[in-house]
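The values are calculated or read from the model by the stated rules, or taken from the named source; none is laboratory data. Note that this is a predicted model, so its numbers are computed, not measured. In this analysis, Cβ positions are derived from the backbone assuming ideal geometry, glycine residues included, and neighbour counts consider all displayed protein chains.
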Amino acid sequence: MTDISSTTLLHDKVVAAGLIKSYGSVRAVRSLDLELIRGTTVALLGPNGAGKTTTIDMIIGLTKPDAGMVSIFGRTPAEAVKAGMIGAMTQTGQLIDYLSVRELVTMIARIYPTPLDVDEALTISGAISFADRQTRKLSGGETQRVRFAMALVADAELLVLDEPTVALDVEGRRDFWHAMRAFAARGKTVVFATHYLEEADAYADRIILMSHGRIVADGAPTEIKATVGGRILRATLPGVALPELQALNGVTSVDRKGDAVTLICSDSDATLRGLLTTYPFIRDIEVRGAGLEEAFLELTLDDEATE
Amino acid sequence: MIELTYLRYEVLRTWRNRRFMIFSLIFPLILFLAIAGPHKNLKIENVPFPLYYMTGMIAWGSMVAVISSGARIAAERSVGWTRQLRVTPLPTWSYFNAKIFCGYMMAILSIAVLIAAGTSVGVRLDAEQWLVMVGLLLVGLIPFAVIGIMFGHLFKIDSLGPAIGGVTSLFALLGGSYGPLVTGGPLLKVVKVLPSYWLVQAGKTALRGGGWPLEAWVVIAAWTLVSSVLAVRVYRQDTMKD
């Protein structure tokens, strides 16, 4: 966090430092630091209750942190909101009624200093085909597209999307992410929260993995995989205690179901050599690359175990 | 500029909400025609009964209009719209002002409808008297507009209906909307501290000439001040929950 003192750099990034937020006895976010460089697309990935929404709400100024600070391109969240630098799609939210889709998006556009052309925002978000319909006559997926259009039309420097594809079907999701990429390509900074691993993997430059209010991993999708070794070894191995396996070279974590053991390895080659030497009776060995799914589960479960 | 833009769409939305509009206009009108109509020549507190009752129904109807408009914030809160607005550059004050403006728009419609009805059963005032009456009514509605904003942050939608109905009926009843509740004694002093009492008196005051006594201005100012302080507190508490 030494960069905080440097104003020139501060203007080119979104910084959160030492963020803490509790709701009663629930510690939603515990001491979180992050830096988002202008122009990048970052995924906040984690299971429900990881603190993603609380983090996002603190970044955009909807929630006041108990401690810590947020700087959005050198401004406080309130200043950034006032200057129209934030376009946001919050997690929940319906539309107000007695307006057509186009009227609603136009209304939002006029609140911002330098909005996108309304029809352009409607086109990117895929809401143009029902732009003249009344807001209360929309399906869940259509509502979500309109909410996306409302976030886009701001043409803000920072676009924040909290689980934006929740109400969308497969096709809708694909369209959504294409649209998001088109927008990000204009040099915008995008942060999105998701618990869909494939979305974070496919659409973010960088993944920040959260669990229990903390960041447990932060890096490019490939780095996230590397962090946990990237190999899963399964085998049938009766009568061997888990601590013994844990002690083998290259093992990061172990699990057992009956005689079947699962080892997550940082160096599966070393582990395999060790296994064959020490336990010649081992059989049904199967080694494969760990996807983000496993990386995700391992990191978050690991964290849970140390609670 | 932003303010006017948002206002324009809020007015449009209020205008399109026909059901709300018709129902808020129709009840005071029906009550007025049913009760004042057959008693055209009656006098009450030296005021022709139709004038008294017209002002009473205006007070009630316009009070409901301005409170309901602010209280619609509760509905927009419940669907997450106010949170959405809080990440846009729209100042909170502009949002409130738009609600108050739309409430006044409805109140003026209600006033117009009842004045038309009043005229049809023989209420006669000269132009200046009409102006004084309407002017006093608009000023007297200020605390109720603020109470509406407060209700919007205080209640959830399911409790909002009874809250508005109950509070406005009580204000109307005690203020003398349905007929003077008390005409003398210590109780009169009590009802005189209600802003609704002075709303109902607006017709009588205009007929007599001049304006409200100082007491009325103090009551309206005090209610405006107190309800504003409470509204700010309720708003803070409500948004602090995040």
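When residue A:22 is tested against the conditions (1) farther than 30 Å from residue A:131 by Cα; (2) surrounded by 16 or more Cβ atoms within 10 Å (Cβ to Cβ); (3) of a type in the set (Ser, Thr, Tyr), the lone failure is (2). Considering the range B:91-125, and only residues there that are in contact (Cβ under 8 Å) with a residue 60 or more places away in the chain and of a type in the set (Gly, Ala, Ser), the residue that is nearest to the other protein chains (Cβ to nearest Cβ) turns out to be B:94. Tally the residues that are assigned to a strand (DSSP E or B) and farther than 14 Å from residue A:195 by Cα, restricting the search to the range A:205-224. Residues meeting the conditions: 7. Scan the range A:179-194 for residues that are away from chain B (no Cβ under 14 Å) and either within 17 Å of the chain's Cα centre (by Cα) or buried (at least 19 other Cβ atoms within 10 Å of the Cβ) (or both) and jot them down. The answer is A:179, A:180, A:181, A:183, A:184, A:188, A:189, A:190, A:192, A:193, A:194. Checked against (1) within 14 Å of chain B (Cβ to nearest Cβ); (2) surrounded by fewer than 22 Cβ atoms within 10 Å (Cβ to Cβ); (3) assigned to a helix (DSSP H, G or I), residue A:167 passes all but condition (3).
If you go through the range A:170-190 and keep only what is part of a helix (DSSP H, G or I) and within 27 Å of residue A:15 (Cα to Cα), you end up with A:176, A:177, A:178, A:179, A:180, A:181, A:182, A:183, A:184. Here is the figure for the range A:114-153: residues that are in contact with a Gly (Cβ under 9 Å, 6 or more places away or on another chain), surrounded by 22 or more Cβ atoms within 10 Å (Cβ to Cβ) and within 14 Å of another protein chain (Cβ to nearest Cβ) total 8.
The helices (runs of 4 or more DSSP H) found entirely in the range B:155-242 that carry 1 or more residues being touching a strand residue (DSSP E or B) at 6+ places or on another chain (Cβ under 6 Å) are B:195-208. Taken over the range A:61-83, the residue count meeting the criterion of being facing another protein chain (nearest Cβ under 9 Å), over 25 Å from residue B:72 (Cβ atoms) and among the hydrophobic types (A, V, I, L, M, F, W, C) is 1.
Criterion applied to A:263, A:301, A:275, A:292 was being out of contact with any Lys or Arg (no Cβ under 6 Å at 6 or more places or on another chain), closer than 26 Å to residue A:46 by Cα, at pLDDT 80 or above and aliphatic (A, V, I, L, M), and the one residue passing it is A:263.
Return the residues of the range A:84-100 that are in contact with an Asp or Glu (Cβ under 9 Å, 6 or more places away or on another chain), on the phi < 0 side of the Ramachandran plot and either part of a loop (DSSP other than H, G, I, E, B) or within 7 Å of chain B (Cβ to nearest Cβ) (or both); say none if nothing qualifies. Of everything in the range A:84-100, those that are in contact with an Asp or Glu (Cβ under 9 Å, 6 or more places away or on another chain), on the phi < 0 side of the Ramachandran plot and either part of a loop (DSSP other than H, G, I, E, B) or within 7 Å of chain B (Cβ to nearest Cβ) (or both) turn out to be A:85, A:86, A:88, A:90, A:91, A:92, A:96. Go through the residues of the range A:105-119 one by one and say whether even a single one is over 25 Å from residue A:145 (Cβ atoms) and assigned by TED's automatic domain parsing to the domain that holds residue A:149. Scanning the range A:105-119 turns up no residue that is over 25 Å from residue A:145 (Cβ atoms) and assigned by TED's automatic domain parsing to the domain that holds residue A:149. Among the residues that make up the range B:225-237, is at least one of them surrounded by 19 or more Cβ atoms within 10 Å (Cβ to Cβ) and among the aliphatic types (A, V, I, L, M)? Scanning the range B:225-237, I find at least one residue that is surrounded by 19 or more Cβ atoms within 10 Å (Cβ to Cβ) and among the aliphatic types (A, V, I, L, M), so the answer is yes. The residues of the range B:92-149 that are small (Gly, Ala, Ser) and under 11 Å from the mean Cα position of the chain (by Cα), listed by number, are B:103, B:107, B:110, B:140, B:145, B:148.
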